[in-house]
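Quick notes on the structure that follows.
The values are calculated or read from the model by the stated rules, or taken from the named source; none is laboratory data. All figures in this text were calculated on a predicted structure; none of them were measured in a lab. Glycine gets a Cβ as well: all are built from the backbone with ideal geometry, and neighbour counts include every protein chain shown. SASA here: full protein model, heavy atoms, side chains in, ligands and nucleic acids out. Shrake-Rupley method; radii C 1.70, N 1.55, O 1.52, S 1.80 Å.
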Amino acid sequence: MERAEQIKNHLKQEKEEGKYHEQIKIMENATGYSYEKLFKPYINETLTEIWVEDPYIRYFHQLYNFLRFCEMLLKAPCKVKRIHLLTSQEEGDSSTQVNALAEIKQSLQNHGVTLTIEYSTTIHDREIRFNNGWIIKIGRGLDYFKKPQGKFSIGYCDFDLRQCQETTVDIFHTKHTRTTDL
């Protein structure tokens, strides 16, 4: 028990120093990987701003994923004031996407959070950055959940019970990153 406590304290210290890197491999059909499970360990009271780069916040279920992510942030122990979304625009009729994001934006504003939305035709990678230094890269972005079996099946509402698609999640801190513009 004492050894487990030492490891826990060591991990906590590494997180605080920004030396921590974790890679989570979510296997096909795995459960227990809700947004709360993945993101909450890196959310604290200093977090006020988030950047979400995900080219696939376009279709109905992807828009709901983004909404659920925003809801998770509102319930978390932080004081989020700004969320920045960079995504691609639906080809053809983008009215559903534009209207849904406008509704999410207004709803967040009602909770004191400003949502800015930008569209890119070249975005490919998926990344979520917190202004407390944490960066989370998910191979599939926020869309790593499988379609539920039905509208009244277990996992429809609770993402901890929803089956996942296989993907890799990399979590690290900006203290140990270097960016180079080419």
Show the residue pairs meeting these rules: Cβ distance below 8 Å; 6+ apart or different chains; first residue within region 72-95 and farther than 16 Å from Glu49 by Cβ and open to solvent by less than 80 Å² (accessible area, probe 1.4 Å); second residue part of a strand (DSSP E or B) and of a type in the set (Asp, Glu).
Thr87/Glu53; Thr87/Glu118
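Identify, please: which residue in region 54-103 is polar (S, T, N, Q) and at pLDDT 95 or above and is, among those, nearest to Phe159 (Cα to Cα)?
To start, the set of residues in region 54-103 that are polar (S, T, N, Q) comprises 62, 65, 87-89, 94-97, 99.
Retained after the next criterion (residues that are at pLDDT 95 or above): 62, 65, 87-88, 97, 99.
Working: Gln62: 14, Asn65: 10, Thr87: 22, Ser88: 25, Gln97: 22, Asn99: 25 Å.
Among those residues, the one meeting the criterion is Asn65.
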Some residue of region 147-168 being touching an Asp or Glu at 6+ places or on another chain (Cβ under 8 Å), part of a strand (DSSP E or B) and open to solvent by less than 30 Å² (accessible area, probe 1.4 Å)
yes
Name the residues in region 26-66 that are in a helix (DSSP H, G or I) and either open to solvent by less than 50 Å² (accessible area, probe 1.4 Å) or basic (Lys, Arg) (or both), would you?
Tyr35, Lys37, Leu38, Phe39, Lys40, Tyr42, Gln62, Leu63, Asn65, Phe66
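Restricting attention to region 68-84, report how many residues are farther than 20 Å from Gln163 by Cβ, aliphatic (A, V, I, L, M) and in contact with a helix residue (DSSP H, G or I) (Cβ under 7 Å, 6 or more places away or on another chain). Talk me through it step by step, then tell me what you get.
Residues of region 68-84 farther than 20 Å from Gln163 by Cβ: 70-71, 73-84.
So of that shortlist, the ones also aliphatic (A, V, I, L, M) come out as 73-74, 76, 80, 83.
Next, only the ones that are in contact with a helix residue (DSSP H, G or I) (Cβ under 7 Å, 6 or more places away or on another chain) stay: 76, 80, 83.
Within region 68-84, residues that are farther than 20 Å from Gln163 by Cβ, aliphatic (A, V, I, L, M) and in contact with a helix residue (DSSP H, G or I) (Cβ under 7 Å, 6 or more places away or on another chain) number 3.
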Within region 79-96, track down each residue that is over 15 Å from the mean Cα position of the chain (by Cα) and assigned to a loop (DSSP other than H, G, I, E, B).
Lys79, Lys81, Ser88, Gln89, Glu90, Glu91, Gly92, Asp93, Ser94
